[in-house]
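A short write-up of the structure that comes next.
The values are calculated or read from the model by the stated rules, or taken from the named source; none is laboratory data. Bear in mind the structure is a predicted one, so any value in this text is a computation, not a measurement. As a convention, Cβ positions derive from the backbone with ideal geometry for all residues, glycine included, and neighbour counts pool all protein chains shown. Note: areas computed on protein heavy atoms with side chains; ligands, DNA, RNA excluded. Shrake-Rupley method; radii C 1.70, N 1.55, O 1.52, S 1.80 Å.
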Amino acid sequence: MSRLIDGVVLSAAVAVAAHWSGLLLIVGTHPVPGWAPGGALLGVALIVGLSRRSAPARPGPNRWRWALALLTLIGCLAGGLADAFARYHLLEPYGPGGCRAVARETAFLFAGSGQVYTGHVIGPMGIAWRGTSWTADDGHRPIAAGDYELSWGFGGGSLVVEGSDGDPVWPALHGVDCG
């Protein structure tokens, strides 16, 4: 049972580390940031650990597991807090060979920002990596407003994120490539 808990905690830590490294999981049509499955795995480890309390414990605490679980929990909470005002959008049209672009937009007070992720979706799942980012004035969310154009060619694609005279977006042009 102890090995199961170790494996679950380690899996949670890997999911959170992948999130902070710029990896995004795509399940069907839903982008899933890595902190979410990391938190779920920590919950599983907690439930398994609590159900195991009735069994005799091994002598000596497993400090590395607790340290890793604590760091993973902090990563999950920080990721969740960072995503509290974020929205993920799977962009249309699809690229060649299952290439997909995902935008993450946030807005707080008078500032907005966004990042584009690109990756392959084959079947029901895929992964995407964080690419370029933009800033928008006055908390404008151009992707949510439909103020973008995504086009694909042989060498990848381009995403043009548009603003307005009152709410500019910079930079407006972003390369997207699943290479």
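Looking at (1) in contact with a helix residue (DSSP H, G or I) (Cβ under 8 Å, 6 or more places away or on another chain); (2) modelled with pLDDT under 90, can you tell me which one P37 breaks?
Of the numbered conditions (1) in contact with a helix residue (DSSP H, G or I) (Cβ under 8 Å, 6 or more places away or on another chain); (2) modelled with pLDDT under 90, the odd one out for P37 is (2).
Any idea which of (1) open to solvent by less than 70 Å² (accessible area, probe 1.4 Å); (2) touching a residue at least 60 places away in the same chain (Cβ under 8 Å) is the one M125 doesn't satisfy?
(1)
Can you report the number of residues in region 1-14 which are in contact (Cβ under 8 Å) with a residue 24 or more places away in the chain, open to solvent by less than 50 Å² (accessible area, probe 1.4 Å) and not hydrophobic (A, V, I, L, M, F, W, C)?
Here the count works out to 2.
Kindly list, by first and then second residue, each pair from a residue in region 15-31 that is in contact (Cβ under 8 Å) with a residue 40 or more places away in the chain to a residue that is in a loop (DSSP other than H, G, I, E, B) and open to solvent by 20 Å² or more (accessible area, probe 1.4 Å), limited to pairs with Cβ atoms under 8 Å and residues at least 6 apart or on different chains.
So the pair list comes out as V27/P124; G28/P124.
For residues in region 155-179 being open to solvent by 50 Å² or more (accessible area, probe 1.4 Å) and either touching a Pro at 6+ places or on another chain (Cβ under 8 Å) or touching a residue at least 40 places away in the same chain (Cβ under 8 Å) (or both), which is nearest to G97 (Cα to Cα)?
Result: D177.
Among W134, W129, W170, which is of a type in the set (F, W, Y) and more than 25 Å from W20 (Cβ to Cβ)?
W170
Checking the conditions here, which among R141, R130, R100 is in contact with a Leu (Cβ under 9 Å, 6 or more places away or on another chain) and closer than 18 Å to P171 by Cβ? If you could, list the steps in order and put the result at the bottom.
Working: R141 fails: in contact with a Leu (Cβ under 9 Å, 6 or more places away or on another chain); R100 fails: closer than 18 Å to P171 by Cβ.
Among R141, R130, R100, only R130 is in contact with a Leu (Cβ under 9 Å, 6 or more places away or on another chain) and closer than 18 Å to P171 by Cβ.
So L73 fits all but one of (1) surrounded by fewer than 13 Cβ atoms within 10 Å (Cβ to Cβ); (2) free of Cβ contacts under 8 Å to residues at least 40 places away in the same chain; (3) in a helix (DSSP H, G or I); what number is the exception?
(1)
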